[in-house]
Amino acid sequence: MRTPVSITNPMRSSSVTPIIHNHHNGDLNHHQIPSPTPSPNWIPPPTAYIKLNCDGAWDKLTNLMGIGVVARDSEGRLIAGSSKSGLAASALEAEAMAASSAMELAKKFRFQSVIFELDSQNLVDAINGSKTTPH
C-alpha cells in the first residue's frame with residue numbers, strides 16, 4: 001500500500017508530492033511531549049494529514065549537531081516529537097538526519113498521510129530528485 005507524502009520547503013511556494021511505501025511500526029526511542037502553540041507562520045496540514053516539521057543545526061568548528069522533529073495534526077495539536085544530538089560532517093548531513101528522524105517518527109506512529117516540511121532547499125531538491133547536491 002502506498003501513502004501520500006509531500007516533502008516541502010516552507011520558504012518556497014512550489015512543492016512536489018512523491019509517494020513512499022507504508023512502513024510497519026519500528027522500535028524507536030521517541031517520546032510524546034506536551035502540545036505548545038505552533039508558530040503563527042505555521043500552516044496546518046489538510047484534514048486527515050499529519051505534518052512533520054524537522055530541522056537540523058550544525059557547528060562547523062566542532063561538528064556537533066542537533067536535530068528536532070515535531071508532528072502536528074490539522075488542528076495544530078502536537079502528536080509527537082523527538083530530538084537528538086551527535087556529530088555530522090556538514091549542515092546538509094544534519095538536515096538529512098533530521099528528515100530521517102521525521103520518517104522514523106512517522107513509521108513508529110504509523111501515520112498514514114503525512115507532509116514532511118524541511119527548511120533546507122538543497123535537501124528537498126535531493127529527496128525530490130530535482131538537482132544534484134554537493135558532497
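The values are calculated or read from the model by the stated rules, or taken from the named source; none is laboratory data. Given the structure is predicted, the values throughout are model-derived calculations rather than measurements. Glycine gets a Cβ as well: all are built from the backbone with ideal geometry, and neighbour counts include every protein chain shown. Just so you know, the surface numbers come from the protein's heavy atoms only, side chains and all, with ligands and any DNA or RNA stripped out. Shrake-Rupley method; radii C 1.70, N 1.55, O 1.52, S 1.80 Å.
So here's what we get for this one:
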item: Residues of region 108-123 that turn out to be under 14 Å from Val69 (Cα atoms) and assigned to a helix (DSSP H, G or I), as a count; result: 1
item: Which numbered condition Ser100 misses (of (1) free of Cβ contacts under 8 Å to residues at least 40 places away in the same chain; (2) touching a Phe, Trp or Tyr at 6+ places or on another chain (Cβ under 6 Å)); result: (2)
item: Breaking point among (1) open to solvent by less than 70 Å² (accessible area, probe 1.4 Å); (2) within 14 Å of Gly68 (Cα to Cα); (3) touching a Leu at 6+ places or on another chain (Cβ under 9 Å), for Ala126; result: (2)
item: Selection from region 44-56 of residues that are part of a strand (DSSP E or B) and either out of contact with any Gly (no Cβ under 7 Å at 6 or more places or on another chain) or open to solvent by less than 60 Å² (accessible area, probe 1.4 Å) (or both); result: Ile50, Lys51, Leu52, Asn53, Cys54, Gly56
item: Region 65-107, residues that are part of a strand (DSSP E or B), open to solvent by less than 40 Å² (accessible area, probe 1.4 Å) and of a type in the set (S, T, N, Q); result: Ser82
